[in-house]
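Structure first, then comments.
The values are calculated or read from the model by the stated rules, or taken from the named source; none is laboratory data. The structure presented is a predicted model; accordingly, all values stated were derived computationally and were not measured. Every residue, glycine as well, gets a Cβ built from its backbone with ideal geometry; the counts of neighbours run over all protein chains shown. Each accessible area value is taken on the protein alone, full model and side chains, heavy atoms only, with ligands, DNA and RNA left out. Shrake-Rupley method; radii C 1.70, N 1.55, O 1.52, S 1.80 Å.
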Amino acid sequence: MIIRPLSEHIINLIAAGEVIERPAAIVKELIENSLDAKATKIEVALEQGGIESIQVVDNGCGIGVEDLPLAISRHCTSKLIEDDLVHIQTLGFRGEALPSIGAAARLKIISRIKNAENAWQIAVENGRVLSPIPVTGLTGTQVIVEDIFYALPARRKFLKTSRIEYNRCEMVIQRLAISHPEVAFIVVKDSKTVLNLPIQSQKDRILAIFSDLYEEELITLDFNRRDLKLSGFISAPSVNRATTNGQIMVVNDRPVVDPVMQMSIRVGYRQVLEKGRYPIAVLFLQVPLEQVDVNVHPAKTELRFADEMAVRALIIGSIQKSLAMGAGAANINPKTLKITSVTQYRPKKESIQYPSYQQRRDLGKLFFSKNDSKTVFENRLPLNTALSFKDASSTLSKISDDNYQSMAESMPLGYAIGQIFKTYILAITQAEEFVIVDQHAAHERLMHEALRQQYLSSGIKIQALLIPEVVELSDIHYRYLMNFKDSLTDLGIEIESFGDKTILVRALPQLLGNISVQSLLVDLAEELETESQLYTQEIEVVHNQLDSILAKIACHHSVRAGRALNVEEMNSLLRQMEETPRAGTCSHGRPTWLKWTKKDIEKLFHRS
Ligand code: ADP
Ligand code: MG
């Protein structure tokens, strides 16, 4: 047996396996180099999803002719100052990317530093470095990578179709572009310009990248916790996706994929979003350099936080605080199910003045001709007859009542004019908007929040059942519920074992009223089962479990679709929604209300 050192070329090929597993990884390394070179404009051109060629051109500092051979030599970097792996300020630091690319593909670099007479080109083929030759070129660097993995045929076979590879490249570019809005980005796909981003604000950059997102759907985050700083934007809960692709995390200017942060986003949205749905979230976290380790993997997208709990607490807390606004805060345009305007309405307990009964009556009359007001107050909205109510604005303009003004401003969901299909409440706002409320979804949220409020303050008020109910369950459901007996008691559900697979229910939360005890218990058991699979040793476990159980309980009571409400009840529901946190969506993230402006309606009738 003879032990001998590997050749430089083989070492580079091995590293290539880790650093540049696919075109997207090359794109990432090249853009990161351009960003480290302080470029203000970066152009990326891809052929066949990057499989045929990748070209990155920047206007950064360039590489001097004497440094060119070093740039493509292993473990040579200009970035680690004084051998300090702790205070890493640049995206690159390992000196691995260019030599790895040079080993696995045809690599050409053309670069010119400021004040140089001309540019220089260096090329690597099959690990063989050709000496630099003078060429023409602007200040900055142009890197051309062709025939990816021609030196690694096994790896080349693993490449997917050019469409899939392109999508991965696109995601990488999006992440980097969002983390650096101060840099212009141009993307050319198979000779066609597909993205052209000028230097812009963080928010404009996000809107340019997520082109289906409206500005009003973004909620701004800006929070500190000791020496951690979190800023960025998250989407209203009703804007959600089936994947986490809309989540971009940037730590100290480096786009990362971090499970701690991902989990924190999920927990932050827990109360407003159904499992399996993910919000859009762009989070910028600033952490003191010595509190985060980025040298975890050659791709440098993973990291380790020294104080994971602090990061988690900051993200969860910031998201939860930002989402805890009343309904009316975000306007969902029913045409696209897109939010079109945010009034940032936040409930201020003291400042809201509720209209007196007489005031509300008068207000209600404003919207109706005499005959209709009668029908509405009797809660018999004639479904088959067309509603004829006066143009609200013309009527309103005659009212000089200051009281009305302040009253209407505090009512972003407007005043109820009726109910249709025994399911939806129709309302009109002072700003001439037409609102539809899903009464079941809304009520579910109100009940959830009321139970949560009771739980957090004085404890959930219970109602002992006159005759305890006996519920028979499957073996596994029985066990889940009995294991959770004490917590259920805290939540107002008193159970005890009544023999094999049978549970006796002695008391329920007072708020619930009449419900089917059997189906409540089955639902709870199922909830506990899924919950126990979701989290293992999370601190939030108990809190989250309790909350999702409250959501389940709330669901059981809520005014089911199909219940007729009188106008008093409708308006009281609207007012409660306005002052209840998170009431813009039900506990599953579905919107509780939709709004059309008068303009929207005019557009629908082509009346512009
Ligand atoms: P690292 O980025 O970890 O230093 P790389 O292999 O990616 O390693 O690059 C090696 C060196 O080449 C960098 O340290 C930098 O000095 C130089 N370099 C690479 N790309 C560029 C660029 N676009 N502009 C200026 N210098 C560059
Ligand atoms: Mg690099």
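Could you tell me which of the residues Pro198, Pro237, Pro181 is of a type outside the set (Gly, Ala, Ser) and at pLDDT below 95?
Pro237
Across the range 494-505, which residue is farthest from Met447 (Cα to Cα) among those that are at pLDDT 90 or above and either of a type in the set (Phe, Trp, Tyr) or loosely packed, with under 15 Cβ neighbours inside 10 Å (or both)?
For the range 494-505, the residue satisfying everything is Phe498.
Output the number of the condition that Gln121 fails; it satisfies all remaining conditions of (1) open to solvent by 40 Å² or more (accessible area, probe 1.4 Å); (2) more than 11 Å from ligand 1 (Cβ to nearest atom); (3) at pLDDT 95 or above.
Among (1) open to solvent by 40 Å² or more (accessible area, probe 1.4 Å); (2) more than 11 Å from ligand 1 (Cβ to nearest atom); (3) at pLDDT 95 or above, the lone unmet condition for Gln121 is (1).
More than 9 Å from ligand 1 (Cβ to nearest atom) and open to solvent by 30 Å² or more (accessible area, probe 1.4 Å): is that true of Asn33 in this structure?
So Asn33 does not fit the description; no.
Does the range 239-250 contain any residue that is under 29 Å from Pro298 (Cα atoms) and over 13 Å from the mean Cα position of the chain (by Cα)?
For the range 239-250, residues under 29 Å from Pro298 (Cα atoms) and over 13 Å from the mean Cα position of the chain (by Cα): present.
Which of the residues that make up the range 11-30 are at pLDDT 80 or above, more than 9 Å from ligand 1 (Cβ to nearest atom) and not hydrophobic (A, V, I, L, M, F, W, C)?
Glu21, Arg22, Pro23, Lys28
How many residues are open to solvent by 30 Å² or more (accessible area, probe 1.4 Å), in contact with an Asp or Glu (Cβ under 9 Å, 6 or more places away or on another chain) and over 23 Å from Leu565 (Cβ atoms) if we restrict to the range 433-457?
Adding up the residues that qualify gives 1.
Here is a list: Val251, Val272, Val260. Which entry is closer than 27 Å to His87 by Cβ and open to solvent by less than 10 Å² (accessible area, probe 1.4 Å)?
Val251
Which count do you get for residues in the range 89-114 that are assigned to a loop (DSSP other than H, G, I, E, B) and more than 9 Å from ligand 1 (Cβ to nearest atom)?
Of the residues in the range 89-114, 3 are assigned to a loop (DSSP other than H, G, I, E, B) and more than 9 Å from ligand 1 (Cβ to nearest atom).
Examine the range 91-109 for a residue that is charged (D, E, K, R), more than 16 Å from ligand 2 (Cβ to nearest atom) and surrounded by 16 or more Cβ atoms within 10 Å (Cβ to Cβ), and state whether such a residue exists.
Yes, there is a match, as at least one residue in the range 91-109 is charged (D, E, K, R), more than 16 Å from ligand 2 (Cβ to nearest atom) and surrounded by 16 or more Cβ atoms within 10 Å (Cβ to Cβ).
Residues to consider are Val129, Val183, Val143, Val172; find the one that is buried (at least 20 other Cβ atoms within 10 Å of the Cβ) and touching a Pro at 6+ places or on another chain (Cβ under 9 Å).
Val172
Run down Leu491, Leu465, Leu481 and say which single residue is more than 25 Å from Thr585 (Cβ to Cβ), out of contact with any Gly (no Cβ under 6 Å at 6 or more places or on another chain) and crowded, with 20+ Cβ neighbours inside 10 Å.
Being more than 25 Å from Thr585 (Cβ to Cβ), out of contact with any Gly (no Cβ under 6 Å at 6 or more places or on another chain) and crowded, with 20+ Cβ neighbours inside 10 Å holds for just one of Leu491, Leu465, Leu481, which is Leu481.
Considering only the range 276-285, I want to know if a residue exists there that is in contact (Cβ under 8 Å) with a residue 24 or more places away in the chain and touching a Leu at 6+ places or on another chain (Cβ under 6 Å).
Yes, the range 276-285 has at least one match.
When the residues of the range 53-76 are narrowed to those that are within 14 Å of ligand 2 (Cβ to nearest atom) and open to solvent by 60 Å² or more (accessible area, probe 1.4 Å), which ends up nearest to the chain's Cα centre (by Cα)?
Checked the range 53-76; the qualifying residue nearest to the chain's Cα centre (by Cα) is Cys61.
State the number of residues belonging to the range 36-71 that are within 9 Å of ligand 1 (Cβ to nearest atom) and assigned to a helix (DSSP H, G or I).
Residues in the range 36-71 being within 9 Å of ligand 1 (Cβ to nearest atom) and assigned to a helix (DSSP H, G or I): 4 in total.
Being part of a strand (DSSP E or B) and surrounded by fewer than 19 Cβ atoms within 10 Å (Cβ to Cβ) is the filter here; which residues of the range 289-325 pass it?
Asp293, Arg304
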